[in-house]
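To start, the structure under review is shown below, and the notes come after it.
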């Protein structure tokens, strides 16, 4: 052999064989989903062969049917996410799903081709009314041919171990329930001045005011009316004492409400030297006085 022919030959060997399939993306055809009866395995096998023949003519490199089970993609589907996952497991650029719905009127056919990254390349549906099996099988060649030549996105080989970028639903953030702290105010937290004020108010209204109202107009002594001409005239004083007692109850009630409201955490910090609220009945000139400090 001439030296001038040996050198190009060696360079060709080092460069390797030409990339005949560089523009032919690998593709896997999943088993057919169907509701056929009778010799269904033969019919679905012919359908897959027809689809593979048509896709090969379009420029795809179709994996043999036996390799589908080896890569764990032996379940038929036409769902986009499942087809993208099957292409990823088989390390192909795309996967094809086929479905046959047979009825008394004929056949409804669906052809779906999805890239490994989740892009739907082709989704074709067709009906074949009153068709024979052979006519239906021929129809599959037309559906596969409608997919056309491989798009540019499928010409790049998938990375090893790459996962299909299927869109997963985004879960909403958990709802955080904010509970306001319950008031820790109990019966033991009721201030002493409340009990003192409430007791004094009840004593004035029930122990003083009410008896004065009841004895108004009664004789001032025991015996016949002729021997006790004078009558008690205490209704004015009785009603006054009753009003004082009711006012005292209202005052201590308001004071207790203010204390409970402050215990709920709505009050600002107060200085320790600030005097506490105080309401009480104290003796005064001519009777009792209602005194309050806030």
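Need the failing condition index for residue 112 against (1) modelled with pLDDT of 95 or more; (2) at positive phi, just the number.
Every listed condition holds for residue 112 apart from (2).
Looking at this structure, is residue 199 modelled with pLDDT of 75 or more and either in contact with a strand residue (DSSP E or B) (Cβ under 8 Å, 6 or more places away or on another chain) or in a helix (DSSP H, G or I) (or both)?
Working: modelled with pLDDT of 75 or more: yes; either in contact with a strand residue (DSSP E or B) (Cβ under 8 Å, 6 or more places away or on another chain) or in a helix (DSSP H, G or I) (or both): yes.
Yes: the conditions hold for residue 199.
Go through the stretch 204-247 and count every residue that is touching a helix residue (DSSP H, G or I) at 6+ places or on another chain (Cβ under 9 Å), in a loop (DSSP other than H, G, I, E, B) and modelled with pLDDT of 75 or more.
Going through the stretch 204-247 one residue at a time, the tally reaches 3.
The values are calculated or read from the model by the stated rules, or taken from the named source; none is laboratory data. The shown structure was predicted, so the numbers you read here are calculated from the model rather than taken from an experiment. Neighbour counts run over all protein chains shown; Cβ positions are idealised from the backbone, glycine included.
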